[in-house]
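What follows draws every value from the coordinates through simple rules; no lab data is involved. From a predicted model like this one, the values you see are computed outputs, not experimental measurements. Backbone-built Cβ (ideal geometry, glycine too); neighbour counts: all protein chains shown.
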Amino acid sequence: MQRIVITGIGWVTPLGHDIESVWKRLLAGDSGIDYTTLFDASTFPTTFSAEVRNYDVARFVADLSRHKGVGRNTAFALGACAQAWEMAGLGHLMPSSLSTQHSAPSTLDLDRVGIYLGSGEGSLDFGAYTTAALSAWPEGATQADTVKWAEIAFARMETFRELEQEPNMPLSHLGLLTGARGPAFNCLTACAASTQAIGEATQILRRGDADIMIGGGAHSMIHPFGVTGFNRLTALSTLNESPRQSSRPFDMARGGFVLGEGAGMVVLETLEHATKRGAKILAEVVGYGSTADAFRITDQDPEGMGAVYAMQEALRDADLSPADINYINAHGTGTKENDGNETAAIKTVFGDIAKNVPISSIKSMMGHLIAAAGAVELITCVLAMRDNILPPTMNLDTPDPDCDLDYVPNKARKARCDVAMSNSFGFGGQNDTIIIKRFVR
């Protein structure tokens, strides 16, 4: 079976837009959560979020001629992909001031380069959409006028290119950006989407259908519809007086997750292909497990059995035992249900050694990036392995007695990390786990 390695990583997050500055802030326990500015949330039950601030895609993509008017999630995807592509040594996409590459390898076969994304429905400009649509229907218009006025409305809305944000739009734009003509897939499995995308991209490479796969996700739901939906589910934290302390995974006072946005991308490659072109290898993907709860759409299996099976399948795929895992990047949303169930699932899988395995949730600092969360968290595992230091779970001041594992509370920890597990559990019962290890030839 083909060995699959990671040769490039990139992200756009609420903590920043490049690998090293974000990593530094994660280790320092900084927060990217603050009061919402993308719309007036002052009358909502939750008035804060984890926004990507001061982001300009032109800083990361040199040629934007084919990407005009894209929505937020696609703009994030473009920036994260450009970073990962250049880190992998695949060619020049970024402005010269940031670029580390100047041309694609002459032997790069773009028919053998594919993309697998987990991306959401995008952050539509609902205000602009409504204004454009309603302005086309004059007062007193009749049913007979429908076709005529619809044509006018669509003509007016043509200027609002963000309306094109179908779930596959980031995928399509990454194809335009990189020239990748190989397998192209998009999944929208909620909070597990980008972990599933990376896992399935690994399988494509293993079976020989591509040499390189871009895997990851992008999402932006910080708009009135997104916040209203999660508020109605009582899933969001409402600690409005203290946004930076509002995301509290595994803490007794946790009351829900914080909605974030962003993108994370990795370049996956067969070891044979990476070796032939002399690529620097960051880590090896060794295990992937994917399951469904088949329990209830709005609730997790209370025994966490879907999560258990996903972790067990990833361990089997990697031919590893629980004792081989040095670090777990938890899904760790900060909801009562998720944190308790994930803790129970880890105890089931790891048994007597569960309390010896360091676990942390970076959602305590950058919120929940929904479809982008898993990719960003896997990149965190790559960096933890590179530097042998584990990011903390912030705001863990009063541990829940039912959440009694080692969650690396409030301070980064130096620790040898050769094998890391990353968990993602999606709304509706999707569970995905990826295991990476330090590359040894």
Mean separation of Cα contacts under 8 Å (at least 6 apart) over the residue count of the chain, i.e. the relative contact order in percent, is 23
Charge dipole of the chain built from unit charges on the beta carbon (Lys, Arg +1; Asp, Glu -1), centred at mean Cα; most positive-end Cα among Gly428, Ser246, Asn356 is Asn356
Amide H neighbours of Thr393 at under 5 Å, excluding residues fewer than 5 places away on the same chain, with H built from the backbone geometry, are Ser361, Asn410, Lys411
Asn186's amide H: which non-local residues (gap 5+, or another chain) put their own amide H closer than 5 Å, with H modeled 1.01 Å from N in plane and none for Pro or chain starts? Leu117
With the crude spin-label approximation of a point 7 Å out along Cα→Cβ, what separation in nm comes out for Arg296 versus Leu110? 5.0
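Could you work out how much longer the chain between Arg66 and Thr43 gets when fully extended? Use 0.36 nm per residue separation minus the Cα distance between them, nm to one decimal.
4.5 nm
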Two pseudo-spin positions, 7 Å from Cα along C-beta at Leu233 and at Glu303, lie apart in nanometres by 2.4
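How high is the FRET efficiency from Ser242 to Val440, r the C-beta distance, R0 60 Å, rounded to 0.05?
0.85
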Global form of the chain, assessed from the alpha-carbon gyration tensor, a/c cut-off 1.5: oblate
Hey, can you rank 273-284, 167-178 by average C-beta count inside 10 Å, highest first? 167-178, 273-284
Scalar couplings 3J(HN,Hα) for region 295-304 by Karplus 6.51 cos²θ - 1.76 cosθ + 1.60 (θ = phi - 60°), nearest whole Hz, x for Gly and Pro, are 10, 7, 4, 9, 9, 7, 4, x, 8, x
Phe225-Gln203 FRET efficiency (beta carbon distance; Förster radius 45 Å; 0.05 resolution): 0.85
Computed FRET value (nearest 0.05) for Asp404 with Lys280, which takes r as the C-beta separation and R₀ as 35 Å: 0.30
Using modelled backbone amide H atoms (1.01 Å from N, in-plane), which distant-in-sequence or interchain residues come within less than 5 Å of Gly8's amide H? Val267
Can you pull the one-decimal nm distance between simple spin-label points at Ser321 and Ala28, each 7 Å off the Cα toward Cβ? 4.2
Most mobile listed residue (Ala84, Ala415, Ala75) in the chain, GNM with C-alpha springs under 10 Å: Ala415
Looking at the chain, what % of its DSSP beta bridges pair antiparallel, to the nearest 5? 70
Estimated vicinal HN-Hα couplings, Hz - region 79-85 in sequence order (Karplus 6.51, -1.76, 1.60; Gly, Pro = x): x, 5, 5, 4, 4, 5, 4
Which of Thr43, Thr333, Thr228 fluctuates most in a GNM of the chain (C-alpha springs under 10 Å)? That residue is Thr43
